[in-house]
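The values are calculated or read from the model by the stated rules, or taken from the named source; none is laboratory data. Remember, it's a predicted structure, so these values are computed and weren't measured experimentally. FYI the Cβ positions are ideal-geometry reconstructions off the backbone, even for glycines, and counts take in every protein chain you see. The accessibility values were calculated without ligands, DNA or RNA, using every heavy atom of the protein model including side chains. Shrake-Rupley method; radii C 1.70, N 1.55, O 1.52, S 1.80 Å.
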Amino acid sequence: QVQLVESGGGVVQADSSLRLSCVGSGRTLSRHLMGWFRQAPGKEREFVASISWSNQYPVYANSVKGRFTISADNAKNTVYLEMTSLKPEDTAVYYCAATIASYSRATRDYKYWGQGTQVTVSS
């Protein structure tokens, strides 16, 4: 079992920055690929970024590439999502997730999910 708890959401203005955190726990946590997803009202949940605990290789959705940075602190069992140049269209509930797959952007592949944290960007 893996447990995930997100934090760091809030209400910000456009062009602002925000950092989300996801603290993980569980004996098998280090074997999982970690991902961030988001879901806006009336839309499907979509992939944002992923990172491996081992090789720290980041993968990004095109919509956030160059603005968001995902990182992982193995010592703290924490994955971060640094978001800069935020846009109103980034408004969504952001979820941290974990999958045993070595690479995936698909929500169906992620078995463990956090409760989500709301990010609202005003224009």
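Could you tell me the relative contact order of the range 1-103? Use alpha-carbon pairs under 8 Å, at least six residues apart, and round to a whole percent. Mind showing how you got there, number by number?
Working: 208 pairs, mean separation 36.2, N = 103.
Relative contact order, the range 1-103: 35 percent.
Hey, which aspartates and glutamates would be in cross-link range of residue 43, C-alpha to C-alpha under 18 Å, not counting anything within fewer than 8 residues on its own chain?
By straight Cα distance, residue 43 reaches 89, 90.
Show me the ranking of peptides 22-28, 103-109 by mean Cβ neighbours inside 10 Å, starting with the highest. Present the calculation step by step, with values, prior to reporting the outcome.
On the way: 22-28: 15.6, 103-109: 13.3.
Going from most to least packed, we get 22-28, 103-109.
For the range 1-84, with only Lys/Arg (+1) and Asp/Glu (-1) charged at the beta-carbon, what is the dipole magnitude about the Cα centre, in debye rounded to 20?
Numbers: 9 positive and 6 negative charges, 34 e Å.
Taking the Cα centre of the range 1-84 as origin, the dipole is about 160 debye.
List the extent of the Cα atoms of the chain along each of their three principal axes, largest first, rounded to whole Å.
That gives 42, 29, 23 Å along the principal axes, largest extent first.
How much area per residue is accessible in the range 47-123 when the probe is 1.4 Å and only protein heavy atoms are counted (Å²)? Write out the running numbers ahead of the final one.
Details: 3770 Å² over 77 residues.
For the range 47-123, the solvent-accessible area averages 49 Å² per residue.
GNM on the chain, C-alpha springs below 10 Å: top fluctuator among 111, 87, 43?
Taking springs between Cα atoms under 10 Å, the residue moving most is 43.
At a Cα cut-off below 19 Å, give the lysines reachable from residue 65, other chains included and same-chain residues fewer than 8 away excluded.
Cα-Cα hits under 19 Å: 87.
Starting from one equal scatterer on each C-alpha and no solvent at all, send me the Debye-based log10 I(q)/I(0) for the range 48-95 at q = 0.33 Å⁻¹, two decimals.
-1.35
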